[in-house]
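Student: For reference, the structure I am asking about is given below.
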Amino acid sequence: MPKQNRIIAGVYHLSKKLGKDFALRDINIQLANGEFVFLVGPSGAGKSTLLKMMYMDDLPDSGQVIMGSYVSTRMKRSTIPELRRKTGIIFQDFRLLEGRTVFENVALAMKVAGTGMAEIKREMTDILTRVGLYHKRYQFPGSLSGGEQQRVAIARALANKPVILLADEPTGNLDPEVTREILELLFRINSSGTAVLMATHDVDLVKSFGQRIIYLRDGRIVKDREMLFRGNLRDTLSDSHVDYRARKFTDNAIGEDNGKNE
Amino acid sequence: MAGINEVKYIIGESTRMLKRGKLSGLISIIIMGFSLLVLLIFLLITLNVSMVIDRGMEEIYVYVYLQDGLDKEPVEIIRNRLLDIEGVKGVVFVSKEEALKKFRDQLGESAEILDELSSNPLPDALRVQMKPELTKSSFMKKIAQTAMEWKGVEDARYGKKWVERGEKLIKGFYMTGLALGLIVFLSVIFVISNTVRLSILSRQKSVEIMKLVGATNSYIQVPFIIEGGVQGIISSGLAMLLLWIVFSFAQRYLPGIVFFQIEGVVGFIVLCALLGAAGSFIAVRKFLKR
């Protein structure tokens with residue numbers, strides 16, 4: 001087991017221009033193993049661009065991204081697929097292949113990593129059960145609800161057992177009820193050890209959980225609130241998970257947040 | 001590098017692509033098939049015309065007419081001297097009797113007028129055939145002029161007008177053929193590359209998803225390349241089949257025409273498979289680079 005506080009992902013003095021304007025300017029973030037972090041900001045703040053830098057869909061103009069052992073300034077383009085296999089990524093629009101079943105969509109991620117069919121079948125039961133879609137494994141995405149499609153995407157993201165899951169506005173297309181279910185699932189995944197970085201524009205949604213929140217505006221970090229109980233991450237995470245379920249969704253009773261966005 | 005799982009994956013992805021893109025795949029195969037058919041018809045016409053030309057060229061001779069009453073020995077000397085000339089393929093002795101018989105045959109019904117003759121007015125002759133690449137007026141002129149100087153030679157002739165006109169015709173034919181062929185070839189390439197590009201564009205989303213889950217470029221490319229190759233085989237096969245049907249009909253009216261030899265047919269299909277694979281490779285690679 002890796003140490004709890006080991007840094008597994010970092011962004012250092014990262015700047016990126018899109019066209020003439022800075023999309024990101026001097027961003028510094030470190031993520032510890034097993035951490036759950038919200039990346040919050042209005043649309044156009046640079047959340048998606050930052051995540052893209054992290055799964056290296058695009059490279060920074062200056063600064064550096066480090067994901068595990070992959071360093072943006074010191075890696076070959078040909079190793080990017082390796083990085084992707086070790087990084088789970090989900091999006092607002094799910095990005096599933098329409099012509100393939102749930103099983104095949106998830107299996108694809110494992111196949112491209114060179115996993116054999118026998119092992120895929122073995123693992124699949126576990127993965128699909130975790131996201132609650134085992135009984136729908138032979139259905140096509142088109143016949144599933146939005147929430148279910150996102151669960152498929154999550155299953156696919158987890159297929160290669162990543163240390164980190166990047167989620168770009170994963171609940172953007174979902175109604176509040178389903179949003180809650182997806183968040184619950186992400187917390188559950190996090191509590192089993194996978195770090196999660198979730199970007200969202202919805203401040204109200206996330207500030208009640210007591211997780212670390214990074215506020216991004218106009219391409220700059222305006223606030224990065226570290227976890228209070230950094231030392232015992234796992235406990236804190238499971239606490240928050242219980243809290244969250246106990247307090248219901250809309251309740252903002254927890255007093256940790258400054259309430260700046262109210 | 002490529003283990004058994006990779007091979008299985010590639011086979012699975014390729015067959016999936018071919019199965020799934022049924023309609024669009026069918027349409028592109030038909031478009032490519034017909035484009036190739038146009039090219040093939042053009043090639044087949046060129047082949048047949050050039051064969052007719054070659055056959056015609058074989059029947060072009062220089063006739064060296066001998067003086068009347070020449071003995072066998074001097075005839076043999078002349079024959080050997082002709083054979084010694086570089087570029088001469090063969091020399092055949094045509095006796096005056098043979099010549100008259102042939103003339104009679106050519107006249108057909110009106111051959112009766114020859115009966116009026118008391119003796120055969122035609123001379124013995126040597127018929128000189130050139131190597132095909134040297135069957136041209138300049139060379140034949142040289143032979144005729146040389147032979148005319150020799151002892152025992154009455155005259156030497158070749159169908160100067162005909163040969164020169166034929167040469168112009170052939171030159172014109174090949175020039176137009178080349179120009180037309182280039183146009184047809186470029187249009188076929190254009191149509192096919194566009195078809196390939198469109199079919200790949202329609203799968204942009206799946207390529208992006210593949211990249212997202214960590215597929216390497218070659219993983220993404222290989223199924224496309226195989227698909228391109230298979231499409232090349234099917235569409236060129238289709239084109240050949242259609243050409244054969246067209247050919248069979250045409251043969252009723254033009255019994256002498258020939259089809260491509262089996263090596264040509266196979267070669268064409270293999271070439272199309274390679275072109276299809278290469279086309280897909282280039283199109284996907286462009287697309288992956290972004």
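Student: If B:Ser118, B:Ser280 are ordered by their accessible area, calculated over protein heavy atoms with a 1.4 Å probe, which sequence runs from highest to lowest?
Tutor: From most accessible down to least: B:Ser118, B:Ser280.
Student: Using θ = phi - 60° and the Karplus form 6.51 cos²θ - 1.76 cosθ + 1.60, what ³J(HN,Hα) does each residue of region B:87-94 get, whole Hz, x for Gly and Pro?
Tutor: Rounded to whole hertz, the list is x, 8, 8, x, 10, 10, 7, 10.
Student: With N denoting the number of residues in region B:61-157, provide Rg(C-alpha) divided by 2.2 N^0.38 Å, to two decimal places.
Tutor: Dividing the Cα Rg of region B:61-157 by 2.2 N^0.38 Å gives 1.17.
Student: Amide H of A:Gln92 versus every other amide H placed in the peptide plane: which residues, excluding those fewer than 5 positions away on the same chain, fall under 5 Å?
Tutor: Placed amide hydrogens put A:Asp168 under 5 Å from A:Gln92.
Student: For chain B, what relative contact order do you get, as a whole percent, if you take Cα pairs closer than 8 Å and at least 6 residues apart?
Tutor: Working: 275 pairs, mean separation 82.2, N = 290.
Result for chain B is 28 percent.
Student: Quick one: of the DSSP bridges fully inside the protein assembly as shown, what percent are antiparallel, nearest 5?
Tutor: 65 percent
Student: Of the candidates B:Leu23, B:Leu275, B:Leu180, which one comes out as most mobile in a Gaussian network treatment of chain B with C-alpha springs shorter than 10 Å?
Tutor: In the Gaussian network model the winner is B:Leu23.
Student: Moving on to the next point. Ignoring ligands, DNA and RNA, what percent of the accessible area of region B:61-157 is carbon or sulfur (1.4 Å)?
Tutor: Summing carbon and sulfur atoms, their accessible area is 49 percent of the total for region B:61-157.
Student: I've got another one for you. Averaged over peptide B:3-13, how many Cβ atoms belonging to another chain are found within 10 Å of each residue's Cβ?
Tutor: On the way: counts 2, 2, 10, 3, 0, 3, 8, 0, 0, 3, 3.
For peptide B:3-13, the averaged partner shielding equals 3.
Student: Okay, moving on. Contact order normalised by length for region B:61-157, with contacts defined as Cα pairs under 8 Å and 6 or more residues apart; what percent is it?
Tutor: Numbers: 121 pairs, mean separation 50.2, N = 97.
Answer for region B:61-157 is 52 percent.
Student: Sticking with this structure for a sec: Work out the mean other chain Cβ neighbour count within 10 Å for the residues of A:100-111 and drop it here as an integer.
Tutor: Working: counts 4, 0, 0, 0, 2, 2, 1, 1, 8, 6, 3, 9.
Per residue, the average neighbour count from other chains is 3.
Student: So, one more: Taking amide hydrogens as modeled 1.01 Å from N in the peptide plane, which residues meet the under 5 Å criterion relative to A:Phe22, leaving out close sequence neighbours?
Tutor: Long-range HN contacts for A:Phe22: none found.
Student: Please compute the volume of the convex hull spanned by the alpha-carbon atoms of region B:79-223 and report it per residue in Å³.
Tutor: Details: hull volume 32.3 nm³, N = 145.
In region B:79-223, the Cα hull volume divided by residue count equals 223 Å³.
Student: I'd like the accessible area for B:Glu149, computed on protein heavy atoms only with a 1.4 Å probe and all protein chains in place. Round to 10 Å², please.
Tutor: 150 Å²
Student: Read phi for every residue in region B:30-46 and hand back ³J(HN,Hα) as whole Hz from Karplus 6.51 cos²θ - 1.76 cosθ + 1.60, θ = phi - 60°, with x for Gly and Pro.
Tutor: 5, 4, 5, x, 5, 4, 5, 4, 4, 4, 5, 4, 4, 5, 5, 4, 4
Student: Something else now. Under 10 Å, Cα contacts only: if you run a Gaussian network model on chain B, which one of B:Leu70, B:Leu107, B:Leu83 comes out with the highest mean-square fluctuation?
Tutor: B:Leu107
Student: I want to verify a result. In a Gaussian network model of chain B, Cα cutoff 10 Å, which of these has the top mean-square fluctuation: B:Val270, B:Val75, B:Val213?
Tutor: Per the Cα network of chain B with a 10 Å cutoff, B:Val213 tops the list.
Student: Can you give me the long-range amide H partners of B:Asp155? Hydrogens built in the peptide plane at 1.01 Å from N, cutoff under 5 Å, separation of 5 or more residues or another chain.
Tutor: Counting only residues 5 or more places away or on other chains, the set is B:Tyr65.
Student: Where in region B:179-214 does accessible area fall by at least 40 Å² between the isolated chain and the complete protein assembly, at a 1.4 Å probe radius?
Tutor: Residues shielded by partner chains are B:Lys205, B:Ile209, B:Leu212, B:Val213, B:Gly214.
Student: Using the Karplus curve 6.51 cos²θ - 1.76 cosθ + 1.60 with θ = phi - 60°, what ³J(HN,Hα) values do you get for each residue of region A:41-51, in whole Hz, with x for Gly and Pro?
Tutor: Couplings: x, x, 5, x, 6, x, 4, 5, 4, 5, 5 Hz.
Student: Rounded, prolate or oblate for the protein assembly as shown? Axes are the square roots of the Cα gyration tensor eigenvalues, ordered a ≥ b ≥ c, and the cut-off for rounded is a/c under 1.5.
Tutor: It comes out prolate by the Cα gyration axes.
Student: Same structure again: Under a 1.4 Å probe, what is the accessible area of chain B per residue, stated in Å²?
Tutor: 62 Å²
Student: While we're looking at this one, here's another question. Taking a ≥ b ≥ c as the square roots of the Cα gyration tensor eigenvalues, with a/c under 1.5 meaning rounded and otherwise prolate when a/b beats b/c, else oblate, which class fits chain B?
Tutor: prolate
Student: By accessible area of protein heavy atoms, probe 1.4 Å, what ranking do B:Ile262, B:Ile233 get, highest first?
Tutor: In descending accessible area the options line up as B:Ile262, B:Ile233.
Student: A follow-up question, please. Please say if region A:143-203 is rounded, prolate or oblate, where rounded means a/c under 1.5 for a ≥ b ≥ c the square roots of the C-alpha gyration tensor eigenvalues, and otherwise the choice is prolate for a/b larger than b/c and oblate otherwise?
Tutor: Working: a/c = 1.82, a/b = 1.29, b/c = 1.41.
Oblate, because a/c is 1.5 or more while a/b does not exceed b/c.
Student: With a 1.4 Å probe and all protein chains kept in place, how do A:Asp57, A:Asp21 rank by accessible area, largest first?
Tutor: Values: A:Asp57 45, A:Asp21 110 Å².
Result of the area sort, largest leading: A:Asp21, A:Asp57.
The values are calculated or read from the model by the stated rules, or taken from the named source; none is laboratory data. Computed from a predicted model, the values in this text were never measured in an experiment. Glycine gets a Cβ as well: all are built from the backbone with ideal geometry, and neighbour counts include every protein chain shown. For accessibility, only protein heavy atoms count, side chains too; no ligands or nucleic acids. Shrake-Rupley method; radii C 1.70, N 1.55, O 1.52, S 1.80 Å.
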